[in-house]
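Only the coordinates and a few stated rules stand behind these numbers; no lab work does. Note that this is a predicted model, so its numbers are computed, not measured. Glycine gets a Cβ as well: all are built from the backbone with ideal geometry, and neighbour counts include every protein chain shown.
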Ligand SMILES: Cc1cc2nc3c(=O)[nH]c(=O)nc-3n(C[C@H](O)[C@H](O)[C@H](O)COP(=O)(O)OP(=O)(O)OC[C@H]3O[C@@H](n4cnc5c(N)ncnc54)[C@H](O)[C@@H]3O)c2cc1C
Ligand SMILES: Cc1cc2nc3c(=O)[nH]c(=O)nc-3n(C[C@H](O)[C@H](O)[C@H](O)COP(=O)(O)OP(=O)(O)OC[C@H]3O[C@@H](n4cnc5c(N)ncnc54)[C@H](O)[C@@H]3O)c2cc1C
């Protein structure tokens, strides 16, 4: 047995023994995802058991170095772990902005002290993070942000407002873009800073989404103190970090485009029935579903191709620039099809007969995928300008 | 017939716009929704609407209506779509009154239509049973009894079902699922023993009910027209209903588009209004073109109802399918072009996308009607 095979056997045995049965079911919706934090929202007690067991091995973040709470696994081992988890339908034990966004940025740009202070609590789900980027007048034009940070020696005093801050009312800490200098171009003078959401002067006002839940907030800073040791990278050079982090955010969001276990076509056949030859009875819907499934197949092939190219040392190809745009558009198409296929029950909003409106709420939430993390239009502009070299 | 509105029609449209905006618009819809109102509309506002005679617009003069026809009703429904008006205009006038007029016996029409036209009673159609509109698959059974019928089965998506005084229930008295022969329309009063009416909460927060029939007994005089022969009248009722819903979608999509264009002119990013970006300009211009096409096909279909045009079935499916397509696009683009604010409940655009999908679904969605349009076009 070579090392990798041995690793697979051990992993399989460990997972069999340690993954609670209830965690071998797909999550039932956003509320069922475990995000950790000082005041964790626990939909099922096994979520915490599962997270704790995985965190002990560093497997909530398998590829992070061990000294920062990770598993220290190489690419091949991480892939084996992923395959073995998929084999028993094990959920990811912890899903958070800390893991998918801040962690990668800190690993790349943080100093040793910052990594040691902030990464382990992310890995074990102790601290939950939110993202303070967008402002009322700085959305797509993120670089024009105006939240001010004044230098006070060992700390800054922060004043301003953020908006659409997901889970700001539940998060423990924030990674925030602030302006430390107004004299140069808009991309200069932006700094990337971390602070505790429990600091005096931070207030949040939840904003209700069209899907009915309230995951995002207006966030106000009124003379909030943030220590300089939590400034990531150099003062005024935060834009580079901000963009690096965004590439990770978009990867996470484009992952929503992955095809679900049960295909839309299969569901449609169950609900709407087949004609004499076994085809979906409505030819118009059949074509729309087929087009979607074909694109989803080609999209996942593209993700694999780009991934394999990167592993083979060819670097991240230009094709990766389409992920966020295409993945989120695909996810919106799938949700729109779920509504069309589901019919009357899919239009439900409340009540057990409608499963609490799961289908319609997911459908409404999916509309935000092509807005959050940089809109589809911003993504297309990036492709046109940076990849194709088209002039402004 | 010229595809323009008469002076009288323009007056009707404008007065509808005024009243609905003031009394039954988005703020009222929000208030009813947030209060968890059972009915989903205000009886008081409905009385005011009734005083203006709107429920009698499509009802013939012989039965106490205005005999003004469906082109006029379509204009009112378009305004109701613009304002997302919470009223029983669709359930009781567009569909209920039409069902009685198209399916009822002379005695039933005389007994009910004057009260329907006066807005005093509400009649709702109970048709759909499964997840999708499939009238020929009706399975609710009406078995012949000594002096009438016994009903067993269930219905869903009964519009304003909680407020309805009577239901026009489509039942099977003969034939097999999938057959249009053997369908019978029955007039069933709301309080009859064995009938339960349960509120259902849909994404657009209007009043919708599911009905359950357990050995519900009705007399022979409940049969509308002839037993087993409801199909032609039902079919015409549904064509009219779909054209009316297309009018509602037209108003709704137009309003969503106007909100979006106004926002494109107001919101600034990168030091200029976002409406100056050509990527958004072209999409807005395309939507404008689609909405103009939509307006024409709706008007043509409305006039086809009033003119007894034999092409109505095809035009009805054309209008409904086109408006499903355009309303879906206008509401989706509306949210996207608003950015983050479009995802908030506080902003109105989300209410438009919710109402749109429910109206799109009722009595057959895009896929259903595009397919039917192709069949009726002979291919
Ligand atoms: C569900 C959700 C969660 C979010 N979570 C967070 C979060 O946690 N933290 C955070 O900081 N932000 C968050 N956001 C904010 C998100 O990043 C912004 O909404 C997004 O960047 C767009 O900004 P905006 O809303 O101001 O829209 P705008 O920038 O005003 O855009 C409006 C419209 O104009 C278009 N547009 C703008 N510029 C151009 C151009 N140059 N060319 C063509 N079209 C253009 C846009 O694409 C869009 O269609 C979230 C948003 C959503 C919807
Ligand atoms: C959530 C999010 C994620 C992002 N992710 C990435 C990323 O991964 N990589 C990346 O490179 N960028 C990213 N961006 C930044 C994005 O690329 C930029 O917003 C966009 O490309 C515009 O770049 P810019 O900020 O440099 O603006 P600019 O290049 O200055 O301008 C953008 C547009 O505005 C016009 N414009 C600018 N200034 C003026 C003016 N004074 N008068 C008239 N027109 C003007 C330009 O012609 C252009 O069309 C992201 C942005 C957001 C909001």
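Regarding the range B:7-121, what's the average projected area of the Cα-atom convex hull, expressed in nm²?
6.8
For a bin width of 5 Å, list the pair-distance distribution of the range B:232-376 built from all Cα-Cα distances, rounded to whole %.
2, 11, 20, 19, 16, 12, 9, 6, 4, 2, 1, 0, 0
Treating the angle as unsigned and between 0 and 90°, give the value, to the nearest 10°, between the Cα long axis of helix A:45-57 and the longest Cα principal axis of chain A.
Result, in degrees: 60.
Among DSSP beta bridges lying fully in the protein assembly as shown, give the percent that are antiparallel, nearest 5.
Here the antiparallel bridges make up roughly 85 percent for the protein assembly as shown.
Mind checking the mean number of beta-carbon atoms from other chains within 10 Å of the Cβ atoms in A:129-137?
Taking the mean over all residues of the peptide, I get 1.
Over the Cα atoms of the range B:124-229, what radius of gyration and what Dmax do you get, in Å?
Taking only Cα atoms of the range B:124-229, I get Rg and Dmax of 13.0, 43 Å.
Top mean-square fluctuation among B:178, B:350, B:161, Gaussian network model of chain B, C-alpha springs under 10 Å?
Among B:178, B:350, B:161, the largest mean-square fluctuation in the Gaussian network model of chain B belongs to B:178.
Taking only Cα atoms of the range A:241-387, what ratio of Rg to Rh do you get with Rh as the Kirkwood inverse-distance radius?
Over the Cα atoms of the range A:241-387, Rg/Rh equals 1.04.
Mind pulling the angle between the C-alpha long axis of helix A:323-342 and the longest principal axis of chain A? Nearest 10 degrees, somewhere in 0 to 90.
Approximately 40 degrees, to the nearest ten.
Just from its helices, what would the mean residue ellipticity at 222 nm be for chain A, if runs of 4 or more DSSP H residues each count -39500 (n - 2.57) and the sum is divided by every residue, rounded to the nearest 500 deg cm²/dmol?
About -12500 deg cm²/dmol.
Arranged by the count of other C-beta atoms within 10 angstrom, fewest first, what order do A:39, B:361 take?
A:39, B:361
Please work out the FRET efficiency for the pair residue A:222 and residue A:30, using the Cβ-Cβ distance as r and a Förster radius of 30 Å; give the result to the nearest 0.05.
Between residue A:222 and residue A:30 the formula returns 0.50.
Among A:318, A:346, A:143, which one moves the most in a GNM of chain A with springs linking Cα atoms closer than 10 Å?
Maximum fluctuation in the GNM of chain A, among the listed residues, is at A:318.
Each label point is 7 Å from the Cα along the Cα-to-Cβ direction; what then is the distance between the points at residue B:196 and residue A:309, in nm?
If labels sit at residue B:196 and residue A:309, their model points lie 6.0 nm apart.
Provide a whole-number value for the mean count of partner chain Cβ atoms within 10 Å of the Cβ atoms in peptide A:350-357.
3
Rounded to the nearest 500, what is chain B's calculated 222 nm mean residue ellipticity when only DSSP H runs of at least 4 contribute -39500 (n - 2.57) each, over all residues?
-16000 deg cm²/dmol
Viscosity 1.002 mPa s, temperature 20 °C: give me the Stokes-Einstein translational D for chain B in µm²/s, with Rh taken as the Kirkwood radius over C-alpha pairs.
101
Quick check on chain B: of the DSSP beta bridges with both residues there, what percent are antiparallel, nearest 5%?
Approximately 85 percent, going by the DSSP bridge assignments.
Any chance you could tell me what percent of the C-alpha pair distances in the range A:129-236 go past 19 Å?
Tail of the P(r) past 19 Å holds 39 percent of the pairs.
Using Cα pairs closer than 8 Å and at least 6 residues apart in sequence, work out the relative contact order for the range B:124-229, in percent.
31
Restricting to Cα pairs below 8 Å that are 6+ residues apart, what does the relative contact order work out to for the range A:152-215? Please round to a whole percent.
Once divided by the residue count of the range A:152-215, the mean separation gives 29 percent.
Under 17 Å from a label point 7 Å along Cα→Cβ of residue A:275: give me every residue in the range A:290-320 with its amide N that close.
Counting backbone N atoms under 17 Å from the label point, the list is A:290-291.
According to the Cα gyration tensor, what semi-axes, each the square root of 5 times an eigenvalue, does the equivalent ellipsoid of the range A:3-123 have, listed from largest to smallest in whole Å?
So the equivalent ellipsoid measures 23, 20, 11 Å along its semi-axes.
Can you give me the relative contact order of chain A as a percent, contacts being Cα pairs under 8 Å and 6 or more apart?
Averaging sequence separation for qualifying contacts and normalising by length gives 11 percent for chain A.
Please report the equivalent ellipsoid semi-axes of the protein assembly as shown, computed as sqrt(5 x eigenvalue) of the Cα gyration tensor, largest first, in whole Å.
53, 30, 24
Nearest 0.05, what FRET efficiency do residue A:79 and residue A:291 give at R0 = 30 Å with Cβ-Cβ as r?
0.45
With label points built 7 Å along Cα→Cβ from the Cα atoms of residue A:350 and residue B:311, find their separation and express it in nm.
4.7
If you split all Cα-Cα distances of chain A into 20 Å bins from zero, what percentages do you get per bin, shortest first?
Answer for chain A: a P(r) of 24, 57, 18, 1 percent.
Quick one, can you get me the convex hull of the C-alpha atoms of the range B:1-74 expressed as volume per residue in Å³?
Roughly 107 Å³ of hull volume per residue.
What average number of partner chain Cβ atoms lie no more than 10 Å from the Cβ of the residues making up B:201-212?
4
Given a 10 angstrom Cα cut-off, can you work out which residue in A:320, A:185, A:134 is the most mobile in a GNM of chain A?
Answer for the Gaussian network model of chain A: A:185.
Fewest Cβ neighbours within 10 Å first, please rank B:258, B:8 accordingly.
Taking fewest neighbouring Cβ atoms as first place, the list is B:8, B:258.
So, R0 is 41 Å and r is the distance between the beta-carbons of residue A:2 and residue A:48; what FRET efficiency does that work out to, to 0.05?
Once the sixth-power term is evaluated, E becomes 0.70.
Counting other beta carbons within 10 Å of each residue's own, what order do A:269, B:252, A:297 fall into, fewest first?
A:297, A:269, B:252
On a 0 to 90° scale, report how tilted helix A:238-254 is relative to the longest principal axis of chain A, with both axes built from alpha carbons and the result rounded to the nearest 10.
With both axes taken from Cα atoms, the answer is about 10 degrees.
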